[in-house]
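Enquirer: Submitted below is the structure of interest, expressed as C-alpha cells.
The values are calculated or read from the model by the stated rules, or taken from the named source; none is laboratory data. Keep in mind that what you see is a predicted model, and the values were worked out from it rather than measured.
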C-alpha cells in the first residue's frame, strides 16, 4: 500500500494500492496512468508519498491516522474532552473525523 501524507501534520490523507501510479509536481499530485485524480492542494512541496506499507490499520480512514515511520491514531488529546470517530460518509454537514462525544 501507499499513503500520501501532509508534511506539516503527518496526517495520512489518501491510501492507494502498490500498483497505482503516483506522480507529483511541487504543487499537485496526479493519481493513475492515465490520470484518474489530480489532488490540487498536495504536491511534493507539502506532502510525501510513503510506499511499501504492509501494516495499514484495518480501520484506516483519511485523517484518522498520522504516519511518521509508523502509524499513530490522530485522536485529539490533552483538552479534557471525549471524542468519537465519525466517518465522512456518515457525518452531517460540517462534521467529519474526530468530534466531541456529547
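Enquirer: Filter region 37-56 for residues that are part of a loop (DSSP other than H, G, I, E, B) and within 12 Å of the chain's Cα centre (by Cα); which is nearest to residue 18 (Cα to Cα)?
Expert: 56
Enquirer: So, one more: When region 5-36 is examined, which residues are found to be part of a loop (DSSP other than H, G, I, E, B) and closer than 18 Å to residue 67 by Cα?
Expert: 7, 8, 9, 10, 17, 18
Enquirer: In addition: Among the numbered criteria (1) assigned to a loop (DSSP other than H, G, I, E, B); (2) modelled with pLDDT under 95, which one does residue 89 miss?
Expert: Condition not satisfied by residue 89: (1).
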